[in-house]
Structures are given as structure tokens and as C-alpha cells.
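Trainee: Following this message is one structure expressed as C-alpha cells.
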Amino acid sequence: MGSGFSLFTNGSSSSSSRERDLLTPGLGDLPESCVASILENLDPVEICRFSKLNRAFHSASWADFVWESKLPQDYRLILEKIIGGFPEKLRKRDIYNFLSRVNSFDHGTKKAWVDKRTSDLCLYISAKGLSITGIDDRRYWNQIPSDESRFGSVAYLQQIWWFQVDGEIDFPFPAGTYSVFFRLHLGKPGKRFGWKVCNTEQIHGWNIKPARFQIWSEDGQHSSSQCMLTGSGSWNHYHAGDFVVGKSKSSSTKLKFSMTQIDCTHTKGGLCVDSVIVYPSSCKDRLRRV
């Protein structure tokens with residue numbers, strides 16, 4: 001009888017416990033509008049994590065006003081620049097998902113995306129999207145494949161007297177401060193038996209005179225710096241300068257940039273040019289990982 005009574009009382013207590021659970025409100029009982037207001041204050045990565053909690057959080061995570069504040073101010077212009085138009089039927093979360101992926105445009109010579117943590121815009125311009133003196137002459141330059149480039153290939157300089165790389169971009173950058181970098185590699189990278197190797201035989205001329213980096217914006221901003229190229233066998237980011245896009249600006253920003261070493265008293269060579277990077281200044285410490 002004791003055991004029977006024990007079973008009876010346990011069943012009764014568990015039943016009453018379930019009843020109390022049903023009466024106790026939980027996260028799933030929150031109104032969707034309240035959940036959406038909570039999600040609005042989180043960053044995009046956190047929103048996606050919380051959307052997996054329950055049905056209410058999942059539905060709220062699709063609210064347009066939640067993602068409106070995560071999108072760049074000029075997201076319509078950015079989309080038009082990348083895909084040539086603006087798809088009206090897309091929800092804000094779909095637009096954010098598209099922009100947070102690395103998107104190629106301008107015949108594959110440029111890539112742009114929105115940082116998932118900060119919603120800042122990042123832009124890469126490949127060597128094929130730059131104007132490089134002598135690039136079509138195989139005596140000076142070659143395009144070589146590289147799995148260390150976002151574009152699959154880099155421009156390799158064998159030897160030249162007049163070194164000049166110019167470029168320009170017309171893009172609707174959101175308001176903020178941006179830094180411009182040249183991604184360069186001294187030596188010719190390759191692989192041997194599956195291992196990464198670097199041929200340094202043609203490196204010369206870069207330790208005699210510094211290379212000069214410059215940027216110009218259409219509103220009169222200008223920056224110039226000089227430095228020696230060092231560190232063979234690894235990719236390095238050389239800072240060309242910073243520029244500011246004002247909050248009141250609602251159109252494209254035109255920017256020009258260059259790298260030169262035009263002292264013709266000596267030749268220079270053994271350099272790979274991968275790309276020019278326009279990165280939010282607040283995130284430039286991440287460049288070592290990209």
C-alpha cells in the first residue's frame with residue numbers, strides 16, 4: 001500500500017506541477033510587437049540567434065522595422081549599384097541578408113558587403129579594376145593565379161622603371177570615416193608539394209626610395225604618405241589615407257587613389273598587387289584576418 005500511495009501522490013504532484021507551468025507566462029507568451037521591440041536593440045548576429053528561441057521570436061525577427069535600423073542609410077543606392085536596380089518586393093531582412101554577403105559587380109572587378117556586426121560597408125577593388133602602367137606588356141607584368149586573393153588572381157611585377165597604379169571608385173558610401181589600403185606582397189607566391197612558397201629572386205628596388213600613396217575625394221579631401229615596402233613572403237596592407245563621408249550626403253562619393261615609385265634611376269620588381277581596399281576606419285584592425 002505504501003508504494004501504491006507513493007505512486008498516487010507523485011502522479012498528483014506532477015499533474016499539479018504541469019498545471020502551474022501552463023499558468024506561468026513564458027517567453028512564448030510575449031506579444032510579437034514587444035519581442036520585435038526587444039530585437040530592434042540587438043545586433044544582426046544576436047537577432048538571428050534569438051529567432052531560434054520560439055515561434056514568437058522567429059516571427060518578430062522578420063519585422064521590417066527591426067532591420068531598417070541595421071541597413072546602411074543609402075541601402076537602396078547600394079543595391080542599385082551592385083545589381084543595377086532595386087527589387088521592391090524584398091523584405092528588409094532579405095535585403096540585409098543579401099548585402100551582408102560578398103557581392104561582385106562591375107564585371108567581377110569589385111566586391112562589396114556590409115559587416116554583420118557593425119553594418120558598415122566594405123569594398124575591394126581587384127588589380128584588374130585598376131589602371132597599372134605597362135600591365136599589358138608581358139615583359140613587365142603577369143597575371144598569376146592565387147588562392148590568397150578574393151579575386152583568384154593577382155598582378156605580378158617582374159621589373160619596371162616607372163611604377164604607377166591608379167584607380168577610382170564612384171560608390172554610395174554610408175556616412176562615416178573610411179581608410180584606403182593597398183594589399184601588396186613582396187615576392188612571387190606559389191605552392192610546391194602542397195606547401196606555400198615564395199620566390200624572392202626578383203625583389204629589388206623597393207629599399208632605395210619609398211613608394212608614395214595618395215587619395216583624393218571630389219569634395220577636396222586629400223591624403224598622401226610614403227613608406228618603404230618591406231616584409232617579403234607575406235601580404236601587407238599599406239595605408240594610403242582616410243576620407244570622411246558626411247551624414248548629409250545622399251549620393252555617390254567619387255574617390256581617386258594611387259601608388260607610385262617613379263624614380264627612374266633604378267628598376268624595381270618582384271611585387272604582387274592584389275587589390276585596393278576601402279574599409280571602415282573603426283574596423284581596420286580586422287584587415288589582418290581578411
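Trainee: Can you tell me which aspartates and glutamates have their Cα less than 14 Å from the Cα of residue 110? Leave out same-chain residues fewer than eight positions away.
Mentor: 168, 170, 274
Trainee: Still on this structure, please answer the following. Would you tally the net charge around residue 125, using a Cβ to Cβ cut-off of less than 11 Å, leaving residue 125 out, and scoring K and R as +1, D and E as -1?
Mentor: +2
Trainee: Now for a different question. Taking the Cα centre of segment 144-290 as the origin, how large is its charge dipole in debye, to the nearest 20, when only Lys and Arg (+1) and Asp and Glu (-1) carry charge on their Cβ atoms? Mind dumping the intermediate values first?
Mentor: Values: 17 positive and 12 negative charges, 88 e Å.
Computed charge dipole of segment 144-290: roughly 420 debye.
Trainee: Specify the inter-centroid distance of segment 228-290 and segment 155-212, based on alpha-carbon positions, in whole Å.
Mentor: Answer, in whole Å: 9.
Trainee: Now, a different point. Considering the chain as a Gaussian network with a 10 Å cut-off on Cα pairs, which listed residue, 185, 237, 58, attains the greatest mean-square fluctuation?
Mentor: 58
Trainee: Show me 111-119, 81-89 ranked by packing, highest mean number of other Cβ atoms within 10 Å first. Mind dumping the intermediate values first?
Mentor: Values: 111-119: 18.3, 81-89: 10.9.
Most protected by this proxy first, the peptides run 111-119, 81-89.
Trainee: Which lysines have a Cα lying under 17 Å from the Cα of residue 268, excluding residues fewer than 8 positions away in the same chain?
Mentor: 188, 209
Trainee: Using the Cα centre of the chain as origin and beta-carbon charges of +1 (Lys, Arg) and -1 (Asp, Glu), tell me which of 69, 276, 179 is placed farthest towards the positive end of the dipole.
Mentor: The Cα lying farthest towards the positive end belongs to 276.
Trainee: For residue 135, what residues show an amide H to amide H distance below 5 Å, using hydrogens built from the backbone and excluding near sequence neighbours?
Mentor: none
Trainee: Ok, one more. Just 134, 220, 246 to compare: in a GNM of the chain, with alpha carbon springs under 10 Å, which one fluctuates most?
Mentor: Highest fluctuation of the listed residues: 220.
Trainee: Order the following by accessible area, largest value first: 136, 94, 147. Probe radius 1.4 Å; ligands, DNA and RNA are ignored. Working shown, then result.
Mentor: Working: 136 145, 94 55, 147 110 Å².
Reading off the accessible areas and sorting them downward yields 136, 147, 94.
Trainee: Right, next: Determine how large the accessible area of residue 95 is when every protein chain is in place; take a 1.4 Å probe and give Å² rounded to the nearest 10.
Mentor: 0
Trainee: What percent does the relative contact order of segment 149-223 come to when contacts are Cα pairs within less than 8 Å and at least six residues apart? Could you put the intermediate results ahead of the total?
Mentor: Values: 31 pairs, mean separation 13.5, N = 75.
Rounded, it is 18 percent for segment 149-223.
Trainee: First compute the accessible area of segment 146-197 with a 1.4 Å probe, then give the percent of it belonging to carbon and sulfur atoms. Numbers along the way, then the final one.
Mentor: Values: 1210 of 2360 Å².
That fraction is 51 percent.
Trainee: To continue, here is another question. I need the shape label for the chain. Rule: rounded when a/c is under 1.5, else prolate if a/b > b/c, else oblate, with a, b, c from the alpha carbon gyration tensor. Before the final figure, lay out the partial values.
Mentor: Values: a/c = 3.53, a/b = 2.17, b/c = 1.63.
In terms of gyration-tensor shape, prolate.
Trainee: If the elastic network links every pair of Cα atoms under 10 Å, which of 216, 195, 235 fluctuates the most in the Gaussian network model of the chain?
Mentor: Highest fluctuation of the listed residues: 195.
Trainee: Here's a follow-up. Could you tell me the accessible area of residue 239 in Å² (1.4 Å probe, neighbours in place), rounded to the nearest ten?
Mentor: 80
Trainee: Pairs 191/256; 116/284; 128/247; 81/247: which are spaced more than 24 Å apart, C-alpha to C-alpha? Don't jump to the answer; show the numbers that get you there.
Mentor: On the way: 191/256 35 Å; 116/284 15 Å; 128/247 32 Å; 81/247 19 Å.
Result: 191/256; 128/247 exceed 24 Å.
Trainee: Here's something else I'd like to know. Taking θ as phi - 60°, what are the ³J(HN,Hα) couplings along segment 47-61 by the Karplus curve (6.51, -1.76, 1.60), each to the nearest whole Hz, with x for Gly and Pro?
Mentor: Once θ is set to phi - 60°, the couplings for segment 47-61 become 4, 5, 5, 5, 5, 8, 5, 6, 5, 5, 5, 5, 5, 5, 5 Hz.
Trainee: Per residue of the chain, what 222 nm ellipticity follows from adding -39500 (n - 2.57) for every DSSP H run with n ≥ 4, rounded to the nearest 500? It would help to have the intermediate numbers written out before the result.
Mentor: Values: 7 runs with 65 residues, N = 290.
Helix contribution divided over all residues of the chain: -6500 deg cm²/dmol.
Trainee: Sort segment 193-269 into rounded, prolate or oblate with this rule: let a ≥ b ≥ c be the square roots of the eigenvalues of the Cα gyration tensor; rounded if a/c is under 1.5, and if a/c is not under 1.5, prolate when a/b is larger than b/c, oblate otherwise. Intermediate values should be presented prior to the final figure.
Mentor: Details: a/c = 3.58, a/b = 1.82, b/c = 1.97.
Here segment 193-269 falls in the oblate category.
Trainee: A further question on this structure: How big is the dipole moment of the chain about its Cα centre under a simple scheme where the beta carbon of each Lys and Arg is +1, that of each Asp and Glu is -1, and everything else is neutral? Debye, nearest 20, please.
Mentor: On the way: 37 positive and 30 negative charges, 159 e Å.
The calculated dipole for the chain is roughly 760 debye.
The values are calculated or read from the model by the stated rules, or taken from the named source; none is laboratory data. None of the values given here were measured: they were computed from a predicted structure. Cβ: placed from backbone, ideal geometry, glycine included. Neighbour counts: every protein chain shown. Areas reflect the complete protein model, heavy atoms only, side chains present, ligands, DNA and RNA absent. Shrake-Rupley method; radii C 1.70, N 1.55, O 1.52, S 1.80 Å.
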